[in-house]
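Trainee: To start, I am sharing the structure in question, which I have written as structure tokens.
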């Protein structure tokens, strides 16, 4: 009886094996496509395995994000809201707005999408000029604060017309998520989406290996020519974002001014943290927390990570002897490959 049962099962086992081999062969022969271009004032690179080129769909998705969140686009929703005292927004804008508010709440305002006027005043935004005086900083701080903007339905309201929203510390990450969502809808399982250094991956790379992404050593590099690796991380099926003060800074009067502005003080941060790399389930979250950690500093970042075990961080800082030092989440240990 047992023998007859095995005989009946044999054809099904053979079909299963043959089907598995055919699927593997099809996946191995399916090409990887690479899509590149400008977006959000930076560039994107998207690599994915598919039997079809999705360039047009990817570009359309990115332009939808641009039309909602780009301050480089005068016709975008965020540009309109900044010119007025608020206004109507679409689903994309609201997704990012609520994520920004969530991270602001969790970081006690270290992440703040209203900080743009201070960034501009210090010469790191859209306007460059003389260094602001303490009086000017105090004046600008009157209309800085994430609680000065609110939403009801799909309508954004500002408590002061001078409040300016800037989602640049989360928009790239969100754009990465939007493209990843599109590729999933197309049933693409192997891909890497990167916009301005913010990344999400799935499956395997064209080398049939896990996706490995380098963390760059934070050395003074305003021209972005240094690419010396600090470490390499396995980020398969994860989102990764890095924020740092080593490429956007200037010296004046012998003092170094970094581009990360503390929304509470109105001044560039003076912490010893040089670079914050965050791994999360989605890239918008990783992007926002990487910026937050640069504002909070090493100890502040550790406190946030204790409350959020779903996040992983790799933090590079300057120790008491001014040497590069590293701290990373215990859960990050298995991700470090070099």
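Trainee: For the range 182-213, how many residues meet the condition of being under 18 Å from residue 279 (Cα atoms) and in contact (Cβ under 8 Å) with a residue 40 or more places away in the chain?
Mentor: Let us first name the residues in the range 182-213 that are under 18 Å from residue 279 (Cα atoms), namely 191-204, 210-213.
Still in the running and in contact (Cβ under 8 Å) with a residue 40 or more places away in the chain: 191-200, 203, 212.
Number of matching residues: 12.
Trainee: Pairs needed: first member in the range 301-327, on the phi > 0 side of the Ramachandran plot; second member anywhere, loosely packed, with under 14 Cβ neighbours inside 10 Å and outside any loop (DSSP other than H, G, I, E, B); C-beta distance under 7 Å; at least 6 residues apart or different chains.
Mentor: So the pair list comes out empty.
Trainee: Just checking, which of 92, 71 is within 24 Å of residue 262 (Cα to Cα) and in contact with a helix residue (DSSP H, G or I) (Cβ under 7 Å, 6 or more places away or on another chain)?
Mentor: Values: 92 fails: within 24 Å of residue 262 (Cα to Cα).
Criteria check complete, one pass: 71.
Trainee: Condition first: exposed (fewer than 14 other Cβ atoms within 10 Å of the Cβ) and closer than 27 Å to residue 242 by Cα. Now tell me which residues in the range 142-153 satisfy that. Write out each step before concluding.
Mentor: Filtering the range 142-153 for residues exposed (fewer than 14 other Cβ atoms within 10 Å of the Cβ) gives 142, 147, 152-153.
Listed by number, the list holds a single entry, 147.
Trainee: Of the conditions (1) more than 30 Å from residue 306 (Cα to Cα); (2) at pLDDT below 95; (3) in contact with a strand residue (DSSP E or B) (Cβ under 9 Å, 6 or more places away or on another chain), residue 89 satisfies every one except a single condition; which number is it?
Mentor: The number of the failed condition is (2).
Trainee: What's the number of the condition residue 81 fails, among (1) over 16 Å from residue 170 (Cα atoms); (2) at pLDDT below 95; (3) buried (at least 21 other Cβ atoms within 10 Å of the Cβ)?
Mentor: (2)
Trainee: Let me ask something additional. Anything in the range 154-177 that is outside any helix (DSSP H, G or I), out of contact with any strand residue (DSSP E or B) (no Cβ under 8 Å at 6 or more places or on another chain) and surrounded by 20 or more Cβ atoms within 10 Å (Cβ to Cβ)? List them, or say none.
Mentor: Filtering the range 154-177 for residues outside any helix (DSSP H, G or I) gives 154-167.
Restricting the remaining residues to those that are out of contact with any strand residue (DSSP E or B) (no Cβ under 8 Å at 6 or more places or on another chain) gives 160-162, 164, 166-167.
164, 166, 167 - these are the residues of the range 154-177 that are outside any helix (DSSP H, G or I), out of contact with any strand residue (DSSP E or B) (no Cβ under 8 Å at 6 or more places or on another chain) and surrounded by 20 or more Cβ atoms within 10 Å (Cβ to Cβ).
Trainee: Quick one: how many residues across the range 308-324 are touching a strand residue (DSSP E or B) at 6+ places or on another chain (Cβ under 9 Å), loosely packed, with under 15 Cβ neighbours inside 10 Å and closer than 13 Å to residue 218 by Cα?
Mentor: Of the residues in that region, 1 qualify.
Trainee: Moving on to the next point. What's the total number of residues in the range 68-89 that are part of a loop (DSSP other than H, G, I, E, B), over 16 Å from residue 114 (Cα atoms) and in contact (Cβ under 8 Å) with a residue 12 or more places away in the chain? Before you say what the answer is, go through the steps one by one.
Mentor: Within the range 68-89, the first condition is being part of a loop (DSSP other than H, G, I, E, B), and the residues that meet it are 70-76, 84-85, 89.
Subsequent filtering for residues that are over 16 Å from residue 114 (Cα atoms) retains 72-76, 89.
If we keep only those that are in contact (Cβ under 8 Å) with a residue 12 or more places away in the chain too, we end up with 72, 89.
The qualifying residues number 2.
Trainee: Right, another one. Considering the range 313-338 alone, what residues qualify as being over 21 Å from residue 272 (Cβ atoms) and outside any helix (DSSP H, G or I)?
Mentor: 336, 337, 338
Trainee: What's the number of the only condition in (1) modelled with pLDDT of 95 or more; (2) touching a strand residue (DSSP E or B) at 6+ places or on another chain (Cβ under 6 Å); (3) under 18 Å from residue 265 (Cα atoms) that residue 118 fails to meet?
Mentor: All conditions are met except number (1).
Trainee: Would a scan of the range 226-235 turn up a residue that is at positive phi, under 19 Å from the mean Cα position of the chain (by Cα), surrounded by 13 or more Cβ atoms within 10 Å (Cβ to Cβ) and modelled with pLDDT of 90 or more?
Mentor: Within the range 226-235, none of the residues are at positive phi, under 19 Å from the mean Cα position of the chain (by Cα), surrounded by 13 or more Cβ atoms within 10 Å (Cβ to Cβ) and modelled with pLDDT of 90 or more.
Trainee: Sticking with this structure for a sec: Got at least one residue in the range 84-101 being surrounded by fewer than 15 Cβ atoms within 10 Å (Cβ to Cβ), farther than 21 Å from residue 265 by Cα and within 18 Å of the chain's Cα centre (by Cα)?
Mentor: At the first step, the residues of the range 84-101 found to be surrounded by fewer than 15 Cβ atoms within 10 Å (Cβ to Cβ) are 84-85, 88, 90-91, 98.
Those left that are additionally farther than 21 Å from residue 265 by Cα: 84-85, 88, 90-91, 98.
Okay, now just the ones that are also within 18 Å of the chain's Cα centre (by Cα), so 98.
Taking every residue of the range 84-101 in turn, at least one turns out to be surrounded by fewer than 15 Cβ atoms within 10 Å (Cβ to Cβ), farther than 21 Å from residue 265 by Cα and within 18 Å of the chain's Cα centre (by Cα).
The values are calculated or read from the model by the stated rules, or taken from the named source; none is laboratory data. Being a predicted model, the structure only gives us computed values, none of them experimental. Glycine also receives a Cβ, built like all others from the backbone with ideal geometry; neighbour counts cover every protein chain displayed.
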